[in-house]
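The values are calculated or read from the model by the stated rules, or taken from the named source; none is laboratory data. Note that this is a predicted model, so its numbers are computed, not measured. Glycine also receives a Cβ, built like all others from the backbone with ideal geometry; neighbour counts cover every protein chain displayed. Please note that ligands, DNA and RNA were not included when accessible areas were found on the heavy atoms of the full protein model with its side chains. Shrake-Rupley method; radii C 1.70, N 1.55, O 1.52, S 1.80 Å.
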Amino acid sequence: MPLGDKQGWEKSESRYCGVETEFNDDMPSVLTSNLSPGFFDFVVAPLMNPTYRPSLVAKDASGSSPVLPFASSDLVLSPSQWSTHVVGKISCWIDLDAEDETLRVDSETTLKQEIAWASHLSLQACLLPSPKSTSCANYARCVNQILQGLHNMQLWLRIPLVKTDEDAVDENSKKIVDSWEVWNSFRLLCEHHSQLSIALDIMSSLPSITSLGRWFGEPVRAAMISTDVVICGKSLLSVPKTESGLAPNTSNVDNQSVPSSFNHLSHPLKSYLNYIGFLFQKMDPVPEQELFELGYRDFLQSPLQPLMDNLEAQTYETFEKDSMKYIQSLVKLEGWEDIVTIISCDMRHWNAPEEADILVSELLGSFGDNELSPECLDGAQRFLKRDGISIPSSYTSFIQPVTASKLYNDVKSHKDLVHFETAYVVKLHNIARLAPSQPVFTFNHPDYSAKKSNERYKKLCFKMPSDAGSALVHGFAGYFDATLYKDVHLGIEPSTATPNMFSWFSIFFPLRTPVCIQSGSDLEVNFWRSSDSSKVWYEWCVTSPCASAIHNSNGRSYWVGL
């Protein structure tokens, strides 16, 4: 693991580096020459002789098909070697959407034969060739059929990371192609299958940083790095500034790196491996806070029900590890045992012996008001003096559209409506933030207005960046920012987030049907905060560029109990 042994990084954060090889029917030799100590972790190797075409193979006299020209017998490596050190590379010549029927049928037959062989070998993944054009319905259909029968193996679809300009032109249509559009079309045809992932082909020319960002929310499992990306000098290797900036970002996603070239034999790939390792080693070690959060990354959790459920001691212990929050919010209690009285009671029904000068509360949730802070403080402000101070004095919720393929598939796996109409607390990690967040609901305390209501409605319009390319919106990330007193604030909204604080993760509002949004276009979103005598709930929907269903109507799936 040349990239994995890094101080301050846990094993789950290790990165692996493989090498793409040509066909060789001596697999033990392929592994020996590429996986020696200090070399690569795995090989991406063809499973079938590239000259093989089913239509050219004659059957014997009995009508049986001959032995297929696979790279090696399944017995030449141990099951653990096949599983750990080999990623199968499906034949590049296949074209399942070809107009030539013989080629199309040969391609379909070969694809199924190679995947079946890889499954027999217990390979963890196979690399599928890039679609030959934007019209890839039959290719996607065949892959989707295969996915229905797979158990654990991942299929990595090779997608070139190209600019959306004249350099990326579909040979058949002669139109400008955005490689993300090809991926999105394929993914939709395969019903967002969780075992279909991406292997990004990183070329010498890359899109803009804004355009690159949308890939961070997609299921990228490998970065296929062309040696053309690396600039070779007399005594060192380097990459252009844009590509160098991409490396730390792709390394922050759970994927592998695969140097790829069959044309630069004079440059030993060991140098490229060393340089990839150098880029990895330059990354900052994971801070202590993030080490604590590793197990929560992209893990969906139901929000707390503080008025309905008694929270476990472990929950409070987690909160109290967050020193920054308590330094800013609470007065140190050491030595105050004789003057502090603890009362176990619902604040909305307690009768205070006298009015208070200051009311300090900690009722904020990931979305600010989602743990019923407004309702609780409305009931408690009656024992605050008219000129008294509430800490916090106000808080505002925020949302922003995100691409979050993993979160979407996790919700989808439940196969019901309820989970798509539930808001989740989650430590966001593999997501793409598609536009800056915008404020939704604001609450002020104390609130002495005559016609006070904690119900809210907000319509928001997000403008997609013009240079980002199209993207898929899987849902909305939610945050809050609170003013504690005067200019002292506390929050998790990304642009103003309080540092070194992990009591609050973000909240995620999923969409039942993801919305495809074009660059430069508007995304119109509606959010409601509603209530009745027993509960509070949110409803949300998209109205442009297309209308979605109103999620969680009348709180039918998710609510916070009063």
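Condition test on S226, is it at pLDDT 80 or above and more than 30 Å from G475 (Cβ to Cβ)? Write out each step before concluding.
On the way: at pLDDT 80 or above: yes; more than 30 Å from G475 (Cβ to Cβ): yes.
It is true that S226 is at pLDDT 80 or above and more than 30 Å from G475 (Cβ to Cβ).
Kindly list the number of the only condition in (1) within 24 Å of F443 (Cβ to Cβ); (2) out of contact with any strand residue (DSSP E or B) (no Cβ under 6 Å at 6 or more places or on another chain); (3) open to solvent by 20 Å² or more (accessible area, probe 1.4 Å) that fails for D481.
Looking at each condition in turn, D481 falls short on (2).
Looking at the stretch 419-427, can you tell me whether even one residue there is part of a loop (DSSP other than H, G, I, E, B) and within 26 Å of G295 (Cβ to Cβ)?
First, pick out the residues of the stretch 419-427 that are part of a loop (DSSP other than H, G, I, E, B): 421-423.
Imposing the further condition that a residue be within 26 Å of G295 (Cβ to Cβ) reduces the set to 422-423.
Scanning the stretch 419-427 turns up at least one residue that is part of a loop (DSSP other than H, G, I, E, B) and within 26 Å of G295 (Cβ to Cβ).
Please verify whether D60 is farther than 21 Å from P259 by Cα, open to solvent by 60 Å² or more (accessible area, probe 1.4 Å) and modelled with pLDDT under 95, treating the condition exactly as stated.
Yes: the conditions hold for D60.
Checking L155 against (1) surrounded by 17 or more Cβ atoms within 10 Å (Cβ to Cβ); (2) out of contact with any His (no Cβ under 9 Å at 6 or more places or on another chain), only one condition comes out false. Which one?
Result: L155 fails condition (2) only.
Please go through the stretch 175-199 and give me each residue that is assigned to a strand (DSSP E or B) and open to solvent by 10 Å² or more (accessible area, probe 1.4 Å), ordered by number.
Step one: filter the stretch 175-199 for residues assigned to a strand (DSSP E or B), giving 176, 196-199.
I176, the sole residue that qualifies.
Looking at the structure I just gave you, is F42 in contact with a His (Cβ under 6 Å, 6 or more places away or on another chain) and in contact (Cβ under 8 Å) with a residue 40 or more places away in the chain?
Values: in contact with a His (Cβ under 6 Å, 6 or more places away or on another chain): yes; in contact (Cβ under 8 Å) with a residue 40 or more places away in the chain: yes.
Yes.
If you take just the strands (runs of 3 or more DSSP E) that sit entirely in the stretch 455-562, which of them hold at least 3 residues that are among the basic types (K, R)? Step through it out loud before you land on a result.
Values: elements: 456-463, 471-485, 488-491, 506-517, 522-531, 535-544.
Ranges flagged: 456-463.
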